[in-house]
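Worksheet: the structure to be examined is printed underneath.
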Amino acid sequence: MKTENIQDIYELSPIEKGILFHSLYTPEFGIYFFQMPFVFRGHLNLTAFEQAWQQVIERHTILRTGFYWEDINKPQQVVYRQVRVPLEQQDWRDIDLESQQEQLKSFLESDRKRGFDLSQECLMRLTLIRLSEDCYQFIWSRHFLIIDGWSVPLLLKEFVQLYEGLCQGENVSLVPSIPYRKYIDWLQKQDIASAETFWRQTLSGLKTPTFLKYLDVENLSSQKEIYEEQRIYLSPATTDALQSLARQHHLTLSTLFQGAWAILLSRYSCENQVVYGCTVAGRPIELVTEEPIIGLFVNTLPVWVNVNPEQSLLVWLKQLQEQLVEMRQYEWTPLVDIQGWSEVPRSLPLFESILVYENAPIDRVLRDWQGSLEVENATIFSTSSSFYKTNYPIAIAVYPGSIFCIGIDYDFRRFDTATITGILQHFEILLQDIVTHPEANLKDLSLLTSKQQYLASKLEKEVAFNFV
């Protein structure tokens with residue numbers, strides 16, 4: 001380590017500590033490695049492209065941060081003054097389309113396996129592949145330790161402004177950024193005793209997680225490692241109906257999707273009280289200013305909810321939303337502390353599934369890019385976008401847009417593709433039933449399609465007739 005290049009050293013946030021532990025504990029699974037592909041069409045100014053990224057890195061301390069944990073009592077993050085992140089360029093114009101597709105697939109897999117040395121000066125890398133005269137595949141690889149999903153659109157917006165300015169020969173003046181250390185200092189001032197009282201009361205009586213063992217599939221040791229999350233896209237009609245229902249009854253869309261997952265967990269486990277993890281933005285209001293602060297702020301909190309089958313859906317959803325709002329004042333609380341205050345043994349996880357409502361407006365940033373390039377968040381050969389892995393058996397991501405998308409990343413050692421497909425189908429059917437019968441009780445919501453309900457009803461009548 002060259003000490004003259006060190007700008008600052010300070011300890012990790014609780015979520016950083018957890019992610020560092022899981023990343024080091026199971027390095028072979030590449031958890032918390034994020035890979036975000038973009039397609040650029042048009043004339044790309046390579047010099048401006050590279051300079052814009054370098055200026056972004058120079059603006060934010062967290063992008064110049066490495067982590068150290070060996071031979072010290074507490075892991076530390078080290079901020080470097082100067083970090084050069086080269087843009088790796090490849091030219092595939094002489095390769096036919098089919099070979100490009102295979103080569104890109106191979107590159108993405110090797111990039112994931114390459115991972116990151118978490119002690120290096122910057123935990124991100126950039127690759128630009130030229131596929132034709134006016135088409136480029138860009139891959140932005142990064143570790144979750146340095147930036148969360150809510151930071152991504154802030155960085156992309158800055159990059160776009162800097163790139164367009166450089167292309168026009170203009171000097172773009174951006175507001176100064178706030179160092180990530182300010183968030184660490186803020187965390188250390190919080191009232192941990194008050195948080196302990198809240199979480200002890202909230203989780204009183206919770207003794208075990210809601211296990212997913214009823215979804216487990218045996219003999220998966222030979223199954224090929226799964227990289228891509230499975231996704232479904234809701235119809236425009238269902239998307240519009242969900243948005244209308246939320247507006248009409250003053251519910252957030254996040255509440256609707258969390259409610260649906262809680263109902264599914266209750267049906268799968270045959271338990272009326274279930275617990276899952278909810279990923280929250282975690283950005284303190286005090287630090288939300290015009291000056292951007294980039295880093296890892298998200299936190300995953302336990303939501304322990306009573307799914308009373310006799311209760312009205314709308315009443316229950318409003319109660320769930322009140323519960324989620326109440327949690328927000330303590331959303332900074334370290335999960336490891338929350339588990340310690342619960343009655344769940346340390347030998348067990350607090351929850352086995354998490355849900356995140358991805359309201360970071362990445363698509364909006366790309367759509368508003370009024371430059372010489374057309375940009376989309378995808379690979380050139382498919383509509384799939386980001387790759388990520390977490391340490392949770394099931395991680396559900398909801399992507400809002402003109403139509404809603406639901407994705408599930410899962411532990412391929414426990415669940416097979418058919419099981420995850422079935423969960424996604426249930427999710428879709430349940431959401432459709434919620435918007436169709438919002439006044440129903442929870443017990444009356446169905447996981448069957450209209451055709452399946454008709455056949456079940458017909459079969460029930462035939463059985464009853466035969467016993468007459």
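The values are calculated or read from the model by the stated rules, or taken from the named source; none is laboratory data. Small disclaimer: the values here were computed from a predicted structure and weren't measured. Glycine also receives a Cβ, built like all others from the backbone with ideal geometry; neighbour counts cover every protein chain displayed. Surface accessibility is based on the protein's heavy atoms, side chains included, excluding ligands, DNA and RNA. Shrake-Rupley method; radii C 1.70, N 1.55, O 1.52, S 1.80 Å.
Some observations on this one:
- The residues listed here are 204, 173; of these, the one that is part of a loop (DSSP other than H, G, I, E, B), at pLDDT below 95 and either open to solvent by 40 Å² or more (accessible area, probe 1.4 Å) or among the acidic types (Asp, Glu) (or both) is 173.
- Taking residues in the range 328-355 that are in a loop (DSSP other than H, G, I, E, B), and partners anywhere that are of a type in the set (Gly, Ala, Ser) and modelled with pLDDT under 95, the pairs with Cβ atoms closer than 7 Å and at least 6 places apart or on different chains are 331/282; 332/282.
- Within the range 336-347, the set of residues being aliphatic (A, V, I, L, M) and either surrounded by fewer than 19 Cβ atoms within 10 Å (Cβ to Cβ) or under 9 Å from residue 199 (Cα atoms) (or both) comprises 336, 338.
- Looking across the range 392-418, not a single residue is within 20 Å of residue 218 (Cα to Cα), among the polar types (S, T, N, Q) and either at pLDDT 95 or above or not in a helix (DSSP H, G or I) (or both).
- Of the residues making up the range 233-260, those that are among the polar types (S, T, N, Q), open to solvent by less than 40 Å² (accessible area, probe 1.4 Å) and either closer than 20 Å to residue 315 by Cβ or touching an Asp or Glu at 6+ places or on another chain (Cβ under 9 Å) (or both) are 238, 254, 255, 258.
- Residues in the range 116-130 that are touching a residue at least 24 places away in the same chain (Cβ under 8 Å) and out of contact with any strand residue (DSSP E or B) (no Cβ under 6 Å at 6 or more places or on another chain): 122 alone.
- Wholly within the range 17-136, strands (runs of 3 or more DSSP E) carrying at least 1 residues that are over 28 Å from residue 367 (Cβ atoms) and open to solvent by less than 10 Å² (accessible area, probe 1.4 Å): 65-68, 76-80
- Contacts under 7 angstrom Cβ, first residue in the range 61-73 being free of Cβ contacts under 8 Å to residues at least 60 places away in the same chain, partner open to solvent by 70 Å² or more (accessible area, probe 1.4 Å), 6 or more apart: 64/121; 66/121
- Residue match in the range 246-263 (condition: in a strand (DSSP E or B), in contact with a Leu (Cβ under 8 Å, 6 or more places away or on another chain) and modelled with pLDDT of 95 or more): no
- Each residue in the range 267-292 was checked for being over 19 Å from the mean Cα position of the chain (by Cα) and buried (at least 21 other Cβ atoms within 10 Å of the Cβ), and 1 of them qualify.
- Looking only at the range 1-16, and only at residues there that are open to solvent by 60 Å² or more (accessible area, probe 1.4 Å) and in contact (Cβ under 8 Å) with a residue 60 or more places away in the chain, the one that is farthest from residue 157 (Cα to Cα): 1
- Checking each residue in the range 190-201 for being under 14 Å from residue 14 (Cβ atoms) and open to solvent by 70 Å² or more (accessible area, probe 1.4 Å) picks out only 192.
- Selection of the range 265-299 for residues being at pLDDT 95 or above and part of a strand (DSSP E or B) yields 273, 274, 275, 276, 277, 278.
- Filter pass, residue 287 being in contact with a strand residue (DSSP E or B) (Cβ under 6 Å, 6 or more places away or on another chain) and free of Cβ contacts under 8 Å to residues at least 60 places away in the same chain: no
- Which numbered condition residue 326 fails, given (1) within 25 Å of residue 143 (Cα to Cα); (2) out of contact with any Leu (no Cβ under 6 Å at 6 or more places or on another chain): (1)
- Residues of the range 293-314 satisfying the condition of being in contact with a strand residue (DSSP E or B) (Cβ under 9 Å, 6 or more places away or on another chain), open to solvent by less than 20 Å² (accessible area, probe 1.4 Å) and over 30 Å from residue 155 (Cα atoms): 303, 305, 307, 313
- Pairing each residue of the range 232-245 that is under 9 Å from residue 403 (Cβ atoms) with any residue that is part of a helix (DSSP H, G or I) and acidic (Asp, Glu), provided the two are 6+ apart or on different chains, yields C-beta distances under 9 Å for 234/428; 235/428; 238/428.
- Figure legend. Inter-residue proximity from the range 178-190: first residues closer than 12 Å to residue 292 by Cβ, second residues of a type in the set (S, T, N, Q), beta-carbon distance below 6 Å, spacing 6+ or different chains. Indicated pairs: 179/61; 180/61.
- Of the criteria (1) open to solvent by 40 Å² or more (accessible area, probe 1.4 Å); (2) within 20 Å of the chain's Cα centre (by Cα), which one residue 353 fails: (1)
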